[in-house]
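The values are calculated or read from the model by the stated rules, or taken from the named source; none is laboratory data. Since this is a predicted model, take the numbers as computed values, not measurements. Here the Cβ positions follow ideal geometry from the backbone for every residue, glycine too, while neighbour counts run over all protein chains shown. These area figures cover heavy atoms from the full protein model, side chains too; ligands, DNA and RNA do not enter into them. Shrake-Rupley method; radii C 1.70, N 1.55, O 1.52, S 1.80 Å.
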Amino acid sequence: MLEVQNLNYASPATILFQRLTVIASDFVLLVGVKKCADTVPGQGTYLTSPRVRLAALTLGSAGLIMVDHIHFQYNGLLIGLLLISYAHMTQGRFLKSAFFFTVLLNMKHIFLYLAPAYFVFLLRNYCVTIPAGGWLPRPQLANTAKLGLVVLGVFGLSLAPFVALGQLPQLVSRLFPFKRGLCHAYWAPNIWVFYNLADKLAVFGARQLGVSVPGSSAASMTGGLVQDVEHALLPAVRPAATFALSAAAMLPALVTLWRRPADAAAFLRALVQCALCSFLLGWHVHEKAVLLAVVPLAVLALRSGPEARLYLLLSAAAHVSLGPLLFAGREAPARLLLAGLHAGYAAQALPAAAGPPSRAYTGYLAGLAAVAVYDVIGHRALGLDGRWPFLPLLVTSLYCAVGVVYCWLALYWHMLFRVEGGQKIKVR
Amino acid sequence: MVIIAVQRALKMDSRYLLVLGLGLLLRWAVSLHPHSGQRKPPMFGDYEAQRHWMEVTHNLPLADWYRNTTDNDLLYWGLDYPPLTAYHSYLCGAVAARVDPSFVALHASRGLETPEHRLFMRATVLVADLLVFLPAALWFAVALRRSRAVTLTVLAVLVLYPGLLLIDHGHFQYNGVSLGLMVAAAAALLGRRDATGAALFSLALNYKQMELYHALPFFCYLLGTCLRQRTWAASVGKLAKIGAATVLTFGLVWLPFLVDAQRAVEVGARLFPFNRGLFEDKVANFWCSLSVVYKVKQLHSVAAIASMCLSTTALFLLPTNLLLLADPTPHNLLLSLLNSALTFFLFSFQVHEKSILLAALPAAMLFPDYPLSSLWFLLASTLSMLPLLLKDDLLLATVATTVFFTVAVNMATGVLDAGRRAAAPKQRSRLTTTSGGPPADPCSRWAVPALYLSLTGYAVLALTSVTVSPPERYPDLWPVLVSLYSFAHFAGFFLYYHLIQFQFFDEKFKVC
């Protein structure tokens, strides 16, 4: 199975071996869960302890099971590293935290999305100090030097062989491909879904009015191909623009983080927000990237009712949006059962917020179930399979995007106006 | 039954639905693994048998279902279960014909193994469980009228039991229907609905004749309850109601076959084939184990063997069922179900290794009262079927479901921790409140390590079965070793549960 020419080699032993490696790597996630859960106070029986609840929501997360163990990736390992890094941060072990995060960055560069939060937090709490009376930050040179050493050291170790062999430009071009188009073949539920849809409707409207629109082919973006396609009527979106928009969206979270020193919960909230901002506004986002926001949010949800409610909505929307990854007929029950069980468990295991959820909230969740069923069998049952094959995917993307955008805005509202300071880290 | 059960459950505790959902998920997951006889022409296996029955019942008139005709070759998986199975196959066949007629095409569909058909077959088992077994399990758990934690635990044990998952959704059978009906009957009796219970058990019996293992306890319980009424008239009245329910149920099921006496005789001949011999594959019962040293099959005639089986089985059935007749409590009913099924398994004629499920379900139903021994029995019963599961390529599914079951049960009840707690009381205990878990007791000091040792033995046997090929002189060495090892377990449990029922132990041992 290790021969380079053996593309698509899939003997049963190979499959078993690879699956077992994913399961083994989930032990890192287990370690991360244990470390994070230990920061949450808990009482009651074993089954309702924070450790077991967090483990059920992460190790048993519908999203991770679908993406890691069915579709096949190693996100459990990576998110485990992220949780370990966060756990160290809550205990003021900045260097260890930075070390784990840098390792994480060198394993999957998608975590660059979260780097701004780390940057701001480490800067504010480790590299500078602000004396009580004033506002001018005073640099802590020793700390900064140590941090720089750790980060550069890890990068150096990871990239050295490729630099030595002159492979760095090739590496960079593989890591950051910008020719793949604004959206993946299956539109991740982000802001660009609305933009694409608006463009399509504008084209449709223009055609009805008799205005000819150049460059608008019939199924340019929903055809399922990965390519760089321009929008027909609305202004084209360039990678640089998405980058700027994501950065701008993250700014309020980062500013809040700066103004709440040594607050571990604020740091995690900022992490989740950075992940959400870049998911919603980034270039060529995969729907799997939503897990970066969902899984860490579970840690926050363990402690706070309002955040638990947001978690339920976000995770439900995320899991339904991941459903199309499992397109085989025999995987259909998995999509529905996993997402449903996860939501059901989260609803009863997480702390309750004050007051019952609004009608819109429960209505949206019911709609999610309907969309999931529609995607699995409804579309075929209605006989629409031949005419509009893209419709279930479009509906799923759109409906889940509404949920994700709502959670993003609600989390911002919560972060900026509602939440008080959390427990302070002891700054060394 | 389903809707009422769901409504009741939702009102009580939404966690019941979570457990049921988890059970569904595990069932679906196991169904992704190979089925019996996959890619093994010409006979294939139980999967093909079930498909063939759909084909036969869909295409042929009822009179021919159990008859050897040119279109119905009884030697190729002839129907050998009572009429309810035939009706179920007919229903599935009708649905199959709607989905894709080639699934049930007469003769042409033999050995069909396309992905779509497989999906359909697996779906039928899932639907059967959804409609029968899962609601029955919920009904039983609620009918116990214990605390919420205990209800959840019993539900989880019933729904996640690996043996049933692997046989029904792996090997491929519909035991969930007959066992579910039996569990529902027990639930009805727990709720004092005796006539309903009798009717439900009659249905179970008419689905698979193996349920005869449970017939005597149900009979003794019902008779005992009738005799214990306050007045003579009430006794007769109750007996009449129960009798009427049973006769009516049997009558309705057999109606098409009673039209012609010949039809009924044909069914009977298929249900009780006495020409098949003492045992087929290696089975963990008394006669098969005895045969290792004393060749029973060669030294005695079939008639002599049959009478030996009959006498030993009858002998061992008497104590537990007489006790039940004298003291018809629900607790005694469950114990008698377990003991009777185990007696039949150990001493009866033509026993299959799958028959252990008939003893395992009562053990699962007794979990709240005897958590440790129940867990041990459930694991041993699953692993005793290792030779069959290995033949079907279900090792991975076996390991996964067994480990999951053990861990889940232990997490929920701390059953395996009690030993550690008793041994090292200074360690932080996991259960801060007794949510249905057993208190620390001296018997778990040796019982838990013994359980681990027993599991290790099974693990070693499984490992050697797949890695080491047996010596030339004894090609069946590994199945024989597994069945001998399991027989030792079952003999031990047989003794243990009898002693429990006759209350030889004081309070301390009862918790095991």
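Tell me which residues, restricted to region B:188-198, are among the hydrophobic types (A, V, I, L, M, F, W, C) and crowded, with 22+ Cβ neighbours inside 10 Å. Matches in region B:188-198: B:Ala188, B:Leu189, B:Ala198. For region A:76-99, the count of residues that are open to solvent by 30 Å² or more (accessible area, probe 1.4 Å), among the aromatic types (Phe, Trp, Tyr), away from chain B (no Cβ under 14 Å) and assigned to a helix (DSSP H, G or I) is nonzero.
Taking first residues from region B:14-37 that are under 15 Å from B:Tyr161 (Cα atoms) and partners that are part of a loop (DSSP other than H, G, I, E, B) and open to solvent by 30 Å² or more (accessible area, probe 1.4 Å), no Cβ contact under 8 Å between residues at least 6 apart in sequence or on separate chains turns up. Note on region A:131-140: among residues that are open to solvent by 70 Å² or more (accessible area, probe 1.4 Å) and either part of a loop (DSSP other than H, G, I, E, B) or over 19 Å from A:Ala262 (Cα atoms) (or both), the one that is modelled with the highest pLDDT is A:Leu136. Taken over region A:366-380, the residue count meeting the criterion of being open to solvent by 40 Å² or more (accessible area, probe 1.4 Å), of a type in the set (A, V, I, L, M, F, W, C) and within 14 Å of chain B (Cβ to nearest Cβ) is 2. Considering region B:126-228, the qualifying helices (runs of 4 or more DSSP H), each wholly inside and each with 3 or more residues that are away from chain A (no Cβ under 14 Å) and β-branched (Val, Ile, Thr), run over B:148-160. Is it the case that region B:97-108 has a residue that's in a helix (DSSP H, G or I), open to solvent by less than 20 Å² (accessible area, probe 1.4 Å), touching a residue at least 12 places away in the same chain (Cβ under 8 Å) and within 14 Å of chain A (Cβ to nearest Cβ)? No, there is no match, as no residue in region B:97-108 is in a helix (DSSP H, G or I), open to solvent by less than 20 Å² (accessible area, probe 1.4 Å), touching a residue at least 12 places away in the same chain (Cβ under 8 Å) and within 14 Å of chain A (Cβ to nearest Cβ). Only a single item in (1) part of a helix (DSSP H, G or I); (2) within 14 Å of chain B (Cβ to nearest Cβ) is not met by A:Gly60, and it is number (1). Is it the case that region B:247-256 has a residue that's within 20 Å of B:Tyr87 (Cβ to Cβ) and not in a helix (DSSP H, G or I)? No: region B:247-256 contains no residue that is within 20 Å of B:Tyr87 (Cβ to Cβ) and not in a helix (DSSP H, G or I). Only residues that are open to solvent by less than 10 Å² (accessible area, probe 1.4 Å) and more than 15 Å from the chain's Cα centre (by Cα) were counted in region A:310-330, giving 2. Selection over region B:390-441 of residues that are within 14 Å of chain A (Cβ to nearest Cβ), under 30 Å from B:Ser469 (Cα atoms) and modelled with pLDDT of 90 or more gives a count of 8.
In region A:345-364, the residue that is farthest from the other protein chains (Cβ to nearest Cβ) out of those that are assigned to a helix (DSSP H, G or I) and crowded, with 17+ Cβ neighbours inside 10 Å is A:Tyr364. Contact map, region B:267-296: first residue in a helix (DSSP H, G or I), second residue β-branched (Val, Ile, Thr) and modelled with pLDDT of 80 or more, Cβ cut-off under 7 Å, separation 6 or more or different chains; pairs are B:Val292/B:Val480; B:Val296/B:Ile305. The residues in region A:183-212 that are open to solvent by less than 20 Å² (accessible area, probe 1.4 Å), under 24 Å from A:Ser246 (Cβ atoms) and among the aliphatic types (A, V, I, L, M) can be counted, and the count is 2.
Just wondering, is there one or more residues in region A:43-55 that are on the phi > 0 side of the Ramachandran plot, within 14 Å of chain B (Cβ to nearest Cβ) and not hydroxyl-bearing (Ser, Thr, Tyr)?
Yes, region A:43-55 has at least one match.
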